[in-house]
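Trainee: Sharing a structure with you now.
All of the numbers you see were taken from the coordinates with simple rules; none came from a lab. Predicted, not measured: the structure shown is a model, and the values here were computed from it. Cβ placement follows ideal geometry from the backbone for every residue including glycine, while neighbour counts extend to all protein chains displayed.
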Amino acid sequence: MYPDTSADPRQTLSVELATGRLEVRVTRAAFPLDRLCGFAARANPKRGFLFVSKVLGKHWPARPATMERIHRYLARALARSLAQGPEPWLLVAMAETATGLGQGLFEALLEERPDASALFLHSTRYRLPGCRALDFQEAHCHAPDQILYEPLDREHQRRFAAARELILIDDEISTGSTLCNLAAAYRARHPRLQRVQFVSITNFSGERSAATFSERLGLPVTLVSALDAEIDFSPAPRLAARPAPSAVGDRRQRLDQLATAGGRFGISQRLPLCASEVAALVADLPPEAPLLVLGTGELMHPAFRIGRALECAGRDVRVQATTRSPILLGADIRQRLVFRDNYGEEIPNYLYNVDPNAYARIILCHETPLDGLTDVRAQLGAHCVPYAALPAGSQA
């Protein structure tokens, strides 16, 4: 999938969902809308619709090469915007959906600007005692509390505090309120910030959104995306009061059960990957055997990197991740598995649009202990192989 300069920027689409009618009017597109996303209904009275990305590897199985093209497209567009910007750059991706997108974009940006002073983090919903953090709200979400931890490494702490460019990454932008909330929280603690960039695959915030965000934050705001559109949603009244499933956990996490080597606590270089370990995961399978590399929750990027490495070796691979987001069956959500939370918070977890029998092997990437994966492994079947992509308690 490459940028399509012939994509009709005037495309209009009307989608009937169980929760209402969604109208989409495309104004600019580097890729056709139907190649970037589909649509579904949320089990959430705050927002009844969901853009089901086909290039994110979250709610739809995606080819790693397709995901990489999006990372590189956004990174190149961002690099052009950053050409005159001051360093350090702080890139932050929104949990849980955009954690993989953000880290993939960060690694692609390092290819564009290998000498840049940059730091990547992602927000999280796991509260850990004794760790300094910024708190902010994602008001429309089923789980509105978001947390951004400050880095553990001393050099990363310096970059975090000294950032002049704040680059906030999400899979899609609609109201932009969550990103504005995080930018305001960061600036309140670090007032030397000079500029903010909002980066997304799809931007549904409207033509004057950059000016509106700039006025709200009192700083220049630039938007980078692969597609711009405007949306209207007319909710179905009979479903407006339906409550969302609980996504509030008991917050029993311990630092030794969560990886500190990934984006949750800050990284400044490409994720290391052992080629021999990756090859060993499928050494007993014929080259044509279909594979799924599955991330868990916020742990998405290692699944992409493993999947891309296998794909480059000639394997037939899809990438996806489990989620705590409740989505209704219908529209572009055709299958759903529900299982117990491997993070121990007793929150329902979901896997969408996956038939376990369609794959010769499912490689389950995880950071949590194996005893929390019993339910999901049972549902995925005997061809599911766990892989500790980021060992729990690993040090940055």
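Trainee: Multiply the residue separation of Asp135 and Val385 by 0.36 nm, subtract the distance between their alpha-carbon atoms, and state the gained length in nm to one decimal.
Mentor: Contour length minus Cα-Cα distance gives 86.4 nm.
Trainee: Rank the residues Cys274, Cys384, Cys365, Cys312 as a footprinting-exposure proxy: fewest other Cβ atoms within 10 Å of their Cβ go first.
Mentor: Placing the least packed residue first, the sequence is Cys274, Cys312, Cys384, Cys365.
Trainee: Can you list the DSSP H helices in the chain whose Cα atoms extend at least 24 Å along the helix axis and whose mean Kyte-Doolittle hydropathy is -1.0 or higher?
Mentor: For the chain, where a helix must reach 24 Å along its axis and average at least -1.0, the hits are 64-82.
Trainee: OK, next. By the scheme Lys and Arg +1, Asp and Glu -1, what is the net charge of all other residues having a beta-carbon under 12 Å from that of Leu121?
Mentor: After counting each charged neighbour, the total is -1.
Trainee: Oh, and also: Quick one: if you stick a label point 7 Å off each Cα along the C-beta vector at Thr27 and Arg154, how many nm between them?
Mentor: Between Thr27 and Arg154, the label points sit 4.9 nm apart.
Trainee: Around Glu288, what is the net charge, scoring Lys/Arg as +1 and Asp/Glu as -1 over all other residues with Cβ under 11 Å from its Cβ?
Mentor: Within the 11 Å Cβ shell, the charges total 0.
Trainee: Moving on. Just subtract the alpha-carbon distance of Ala378 and Glu288 from 0.36 nm times their residue separation and send over the number in nm, one decimal.
Mentor: Separation in residues times 0.36 nm, less the Cα-Cα distance, equals 29.9 nm.
Trainee: Another one. Neighbouring Cβ atoms within 10 Å as the yardstick, rank Leu227, Leu179, Leu148 fewest first.
Mentor: Starting with the residue having the fewest Cβ neighbours, the order is Leu148, Leu227, Leu179.
Trainee: Give me the compactness ratio for the range 271-388, meaning the Cα radius of gyration over 2.2 N^0.38 Å. Let's see the in-between values first.
Mentor: On the way: Rg = 13.9 Å, N = 118, 2.2 N^0.38 = 13.5 Å.
It is 1.03.
Trainee: For a footprinting-style exposure proxy, rank Thr175, Thr99, Thr322 by other Cβ within 10 Å, fewest first.
Mentor: Thr175, Thr322, Thr99
Trainee: May I pose another question? How large are Rg and Dmax for the chain when calculated on the C-alpha trace, in angstrom?
Mentor: For the chain, the Cα-based Rg and Dmax read 19.9, 58 Å.
Trainee: Let me ask another. Give, as a single signed number, the net charge of other residues whose beta carbon lies under 15 Å from the beta carbon of Leu219, with Lys and Arg counted +1 and Asp and Glu -1.
Mentor: Values: positive: Arg164, Arg187, Arg189, Arg192, Arg195, Arg216; negative: Glu165, Glu215.
Net charge around Leu219: +4.
Trainee: Continuing with this model, one more query. Among Asp375, Asp316, Asp284, determine the one that fluctuates most according to a GNM of the chain built with springs between C-alpha atoms less than 10 Å apart.
Mentor: Asp284
Trainee: Over the Cα atoms of the range 151-241, compute the convex hull volume and normalise it per residue, giving Å³. Present the calculation step by step, with values, prior to reporting the outcome.
Mentor: Working: hull volume 12.4 nm³, N = 91.
With only Cα atoms used, the range 151-241 gives 136 Å³ per residue.
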